[in-house]
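Notes for the one structure printed next.
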Amino acid sequence: MTTVRTVEVPTTLGPAVVQVQRPVHARGTVVLTHGASGRVDGRDVLAVRDGLVAQGWAVALVHQAWGVAGRRTPPRPGPQDEAWVPVVQALTTGRGRLPQPLVVAGKSNGARVACRTAHLVGADAVLCLAFPLHPPGRPETSRAGELRAPLAHGIPLHVVQGTRDPFGTPAEVRAELPDPALVTEVVGEHTVRDTGALVRAAAAFLAGLGDQQGAEG
């Protein structure tokens, strides 16, 4: 059995809207958000949500405040992060708090905000779907510092990247990380059409995270 509820969280950019799907005896929580389009109904994002819920994870799909407000592009990192942090905190504190471990996840721009703020929200891991390492055709404008931010705080990171992603190929992303195993390559571009492969990669990372925590315990 899975319960579904909608939560509205006030932020500095207005309200964010979160749909929470929580299986009974959830294995942990994934807070998942969208890319720069501001849409939460992308086929790839919904597939990951549904696949992880089926694997026993509670998933909170966040429509960030700027997207709810109808903005066509995300704000700069500072204001975006300031509005994101209280959303995760609201989901993980109080009587209705979601279970640990906590994984913050996002597609593209959502992956960026997850990486930048993982240490601020007490995340146990970060899952990036199509991390935008650089703008298309501009590899010199690198966001590698954002990508590596979780690792600098000792937080496990995994990236699922399309083979033909113009925002950074799997090889380009691997070159910025200390271990090539931190990247799973799936056939596709920035939006991966093979959602089955996307879900399998995400689920494998989360399963490995659970196994690692069990061994440490």
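A short reminder: the numbers here are calculations on the coordinates, not readings from a lab. Quick caveat: nothing in here was measured; it's all calculated off a predicted structure. Glycine gets a Cβ as well: all are built from the backbone with ideal geometry, and neighbour counts include every protein chain shown.
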About its Cα centre, how strong a charge dipole does segment 1-70 have in debye, to the nearest 20, once Lys and Arg get +1 and Asp and Glu get -1 at the Cβ?
140
Fewest first, what order do W84, W57, W66 take by the number of other Cβ atoms within 10 Å?
W66, W57, W84
Taking the chain and counting helices only, DSSP H stretches of n ≥ 4 at -39,500 (n - 2.57) each over all residues, the nearest-500 ellipticity at 222 nm comes to -11000 deg cm²/dmol
Which one of T12, A26, T92 has its Cα pushed farthest toward the positive end of the charge dipole of the chain, where Lys and Arg give +1 and Asp and Glu give -1 at the Cβ?
T12
Rounded to the angstrom and largest first, Cα extents along the principal axes for segment 2-216 equal 45, 42, 32
Which helices, taking whole DSSP H runs in the chain, have alpha carbons extending 24 angstrom or more along the helix axis plus mean Kyte-Doolittle at least -1.0?
195-216
If every Lys and Arg gets +1 and every Asp and Glu gets -1 at its Cβ, then about the Cα centre segment 2-216 yields a dipole, in debye to the nearest 20, of 560
Write down the percent of antiparallel bridges among all DSSP beta bridges whose residues are both part of the chain, to the nearest 5.
40
